[in-house]
Amino acid sequence: MWGLFLLAVGLMGLGLLTWVHVPNRVPWRIAVGAGVYGHVLALAAVTTGCAAWWMGGKVVAVVGFVAAAMLLRPVISARRIGERAREALDAMGAPEGGAAFTWGRLWSGKVEAVEGEVWRMENGLEVDFYRAAGREVAPCVLVVHGGGWDGGDRKQLPEMNHWLAHHGYAVAAVSYRLAPEHRWPAQREDVRGAIAWVKANAVELGVDATRLVLLGRSAGGQIALNVAYTAKDPAVRGVVGLYAPADLFLGYESGREDDALQSRRLLRQYLGGTPEEVPEVYAEASATTHVRGDSPPTLLLHGKLDTLVWERHTARLAEKLKAEGVPHAVVWLPWATHAFEYELNGPGGQVTTYALGRFLRRVVG
């Protein structure tokens, strides 16, 4: 019975991570797992509760059943959030899509992999390119990886690249130089160079060079949003930011030296100092600085429980977009922390692909 009790309490602790911010001492990836695989863990909690009840441990059984209910929050919320996403995308004129969330898809397998091609650009940086399935000429999504500006690479979370390719979009997963060896704006220059490379090789790649979209996660979201808003390039038809730090003044103010990412240290090495020392660099790197009425349509997704990038970043950017009249949609996931789309068939992944699919049809067809 003690073993069942400890298991039930452990599962309840995981369930709690879909309701409250993960404590700084707990690795944030555990919270990702609770949000992505909560429905699987809930089955374990129900089994634990039933076993305890059968053995006469009713208190332990109740703990198990409560843990199951807590772990089911993501899948129960996903249907409601899907409806809100539908309304936001309707408001920006996005074409209709399928269901934002289905229970059956939770148990589906991985997206079938699409073989990528490795290309080297003139500046020596590499690109993983995925051709659109069934199309000779296709719009292209340039994917900018996360990693705190000093880590990560273009191989990150490739399942989204496969999903995009299967849905008729070419994908260029791009590389950029990393801090602290390379400070901003080197990263912006690299992504702009990737856009120029796609255009220059459009015929060989099977890409429509007039229909490009930038998609960035986390630190890559900051870069993608900044590039989209500063390039003034009509070929960039839209930009997608997943849990992106859009206001780097806010990032420093809200960060701590001992938080999960040591975010203040990351920003100092990325931008060359504190906001007091180099305010012009913080302003130049922040997407919120560059929003104008002619900025490209924007899709933003953020978890309300994100402890790595505070959800206020997306809220501030959304306020700017609304004030300037830029077409945009914001999707909030109340149970989610960072990297909620890790598993595309999970609750966060389903909402993300639904919103992304509709947004891409809106901006590039």
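The values are calculated or read from the model by the stated rules, or taken from the named source; none is laboratory data. Bear in mind the structure is a predicted one, so any value in this text is a computation, not a measurement. No Cβ is skipped: glycine too gets one built from the backbone with ideal geometry, and neighbour counts run over all protein chains shown.
From (1) within 24 Å of V326 (Cβ to Cβ); (2) crowded, with 19+ Cβ neighbours inside 10 Å, pick out the condition that doesn't hold for K232.
(2)
Within the stretch 164-214, count every residue that is in a helix (DSSP H, G or I) and either aliphatic (A, V, I, L, M) or not assigned by TED's automatic domain parsing to the domain that holds P139 (or both).
Our first condition is that a residue be in a helix (DSSP H, G or I); within the stretch 164-214, this holds for 164-166, 186-200, 202-205.
If we keep only those that are either aliphatic (A, V, I, L, M) or not assigned by TED's automatic domain parsing to the domain that holds P139 (or both) too, we end up with 164-165, 186, 191, 194-196, 198, 200, 202-203, 205.
Here the count works out to 12.
Can you tell which of T288, T274 is at pLDDT 95 or above and buried (at least 19 other Cβ atoms within 10 Å of the Cβ)? Break it down into steps so the answer makes sense when it comes.
On the way: T274 fails: buried (at least 19 other Cβ atoms within 10 Å of the Cβ).
After applying the criteria, what remains is T288.
Of all the residues that make up the stretch 183-236, how many are among the aromatic types (F, W, Y) and within 18 Å of L266 (Cα to Cα)?
To start, the set of residues in the stretch 183-236 that are among the aromatic types (F, W, Y) comprises 184, 197, 229.
Those left that are additionally within 18 Å of L266 (Cα to Cα): 184.
Of the residues in the stretch 183-236, 1 are among the aromatic types (F, W, Y) and within 18 Å of L266 (Cα to Cα).
For a quick check of your reading: which helices (runs of 4 or more DSSP H) sit entirely within the stretch 265-365 and have at least 2 residues that are closer than 17 Å to P245 by Cα and in contact with a Ser or Thr (Cβ under 7 Å, 6 or more places away or on another chain)? Break it down into steps so the answer makes sense when it comes.
Values: elements: 279-285, 312-324, 347-363.
Hits in the stretch 265-365: 312-324.
So which pairs qualify, if the first residue must be in the stretch 209-234 and at positive phi, the second must be aliphatic (A, V, I, L, M), the Cβ gap must be under 9 Å, and the two must be at least 6 apart or on different chains?
From the stretch 209-234, the pairs are S218/L242; S218/A244; S218/L308; S218/V309; S218/A339.
Test V66 against the stated conditions and say whether it is assigned by TED's automatic domain parsing to the domain that holds A34 and either under 28 Å from H166 (Cβ atoms) or hydrophobic (A, V, I, L, M, F, W, C) (or both).
Numbers: assigned by TED's automatic domain parsing to the domain that holds A34: yes; either under 28 Å from H166 (Cβ atoms) or hydrophobic (A, V, I, L, M, F, W, C) (or both): yes.
In short, yes.
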